[in-house]
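Since every read-out is calculated from the coordinates, none of them should be taken as a lab result. Since the model is a prediction, treat every value here as computed from it, not as a measurement. Here the Cβ positions follow ideal geometry from the backbone for every residue, glycine too, while neighbour counts run over all protein chains shown.
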Amino acid sequence: MSVEAGSKVIGKVTGIKPFGAFVELPGGKTGLVHISEVADKYVEDINEHLKVGDEIEVKVLSIGDDNKISLSIKKAQDKPKPKPRQKAPSPEDFEKKLSGFLKDSEERMSTIKRQAESRRGGRGRR
């Protein structure tokens with residue numbers, strides 16, 4: 001089986017380094033899964049995710065001119081489709097909220113003015 005960029009293949013982990021894991025592919029070729037391509041979340045220690053001898057599905061990202069093969073585990077996994085966005089509230093809802101806010105705001109302002117005037121002793125008196 002030939003290994004081509006973009007294809008998904010099953011490989012066997014043959015070595016683990018702090019920067020990634022070496023994976024033997026069908027046909028005896030070896031590629032590297034960089035630590036950033038192991039999982040969707042941050043991977044601090046690759047040994048928490050992989051062990052030598054594990055069989056994993058990988059996606060071939062690229063094959064360099066020097067025959068270095070870049071692999072990805074996270075891109076080989078089928079991700080669930082994103083949920084559709086919820087419908088935005090209608091303009092009428094916004095108008096209702098705005099009028100309610102204005103009414104509440106006016107009531108609060110009149111209360112504050114009344115309290116301030118009572119502390120001063122009324123309007124214009126000294």
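Placing dummy labels 7 Å off each Cα toward the beta-carbon, the span from ASN47 to ILE112 is 6.1 nm.
Scanning residues 5 or more positions from LEU61 or on other chains, those with amide H under 5 Å from its amide H are GLY6, SER70, LEU71, SER72, with H placed 1.01 Å from N in the peptide plane. Put in order of Cβ neighbour count within 10 Å, fewest first, the listed residues SER72, SER2, SER62 become SER2, SER62, SER72.
Listed by chain and number, the aspartates and glutamates whose alpha-carbon sits under 15 Å from that of LYS103, ignoring those within fewer than 8 places in the same chain, are GLU95. Legend: ranking of residues THR111, THR30, THR14 from fewest to most surrounding C-beta atoms inside 10 Å; resulting order THR111, THR14, THR30. Recomputing Cα Rg over 2.2 N^0.38 Å from the coordinates shown identifies the correct label among (1) 1.31; (2) 1.24; (3) 2.30 as (3).
Which of LEU98, LEU71 has the fewest other C-beta atoms within 10 Å, and how do the rest follow up to the most? Intermediate values should be presented prior to the final figure.
Numbers: LEU98 10, LEU71 26.
Lowest count first: LEU98, LEU71.
Sequence-ordered 3J(HN,Hα) estimates for segment 19-34 from the Karplus curve with 6.51, -1.76 and 1.60 and θ = phi - 60° stand at 9, x, 10, 8, 10, 7, 9, x, x, x, 6, 10, x, 10, 9, 5 Hz, glycine and proline given as x. From its DSSP helices (H runs of at least four residues, each -39,500 (n - 2.57)), the chain gives a residue-normalised ellipticity at 222 nm of -8500 deg cm²/dmol. Here the simple spin-label model places points 7 Å from the Cα toward Cβ, and for ARG119 and LYS8 these points are separated by 6.8 nm.
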